[in-house]
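The values are calculated or read from the model by the stated rules, or taken from the named source; none is laboratory data. None of these values were measured; they are calculated from a predicted model. All Cβ positions, even for glycine, are placed from backbone atoms using ideal geometry, and neighbour counts span all protein chains on display.
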Amino acid sequence: MYRGVYETSWGGTWFVSIKSGGIPRYLGTFKTQESAARAYDEAALSLHGPKAKLNFPASTDGDEDEAEEAEHDC
């Protein structure tokens, strides 16, 4: 399960919300959990800056390919 991501009551899609200043903000619905989680991360970085709690912290450096290669070098 990802932070801020919830399955819709009818299933098959995922919605995202994030709190800012105690106010929940609806970010939209998505076809996959991962795309919803990435939307959450984008909003979290925008609202909370570098102290944001993210679903995919390794992907915030802007170079996901290097992170993937590092995982496979073991």
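So here's what we get for this one:
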| item | result |
| --- | --- |
| Meets criteria (among the hydroxyl-bearing types (Ser, Thr, Tyr), in a strand (DSSP E or B) and at negative phi) for Ser17 | yes |
| Any pair with Cβ under 6 angstrom, 6 or more apart, that starts in region 1-17 at a residue that is farther than 11 Å from Leu27 by Cα and polar (S, T, N, Q) and ends at one that is modelled with pLDDT of 95 or more and not in a loop (DSSP other than H, G, I, E, B) | Thr8/Phe15; Thr13/Thr29 |
| Where Thr13 falls short, out of the listed (1) surrounded by 12 or more Cβ atoms within 10 Å (Cβ to Cβ); (2) at pLDDT 90 or above; (3) within 14 Å of the chain's Cα centre (by Cα) | (3) |
| Search result, residues across region 49-65 that are closer than 13 Å to Ala39 by Cα and either modelled with pLDDT under 65 or touching a His at 6+ places or on another chain (Cβ under 8 Å) (or both) | Ser59, Thr60 |
| Long-range neighbours under 7 Å by Cβ, at least six apart or interchain, first residue of a type in the set (Lys, Arg) within region 24-52, second surrounded by 13 or more Cβ atoms within 10 Å (Cβ to Cβ) and outside any helix (DSSP H, G or I) | Arg25/Ser17; Arg25/Ile18; Lys31/Thr13; Arg38/Phe56 |
| Selection status of Arg38, at pLDDT 95 or above and out of contact with any strand residue (DSSP E or B) (no Cβ under 7 Å at 6 or more places or on another chain) | yes |
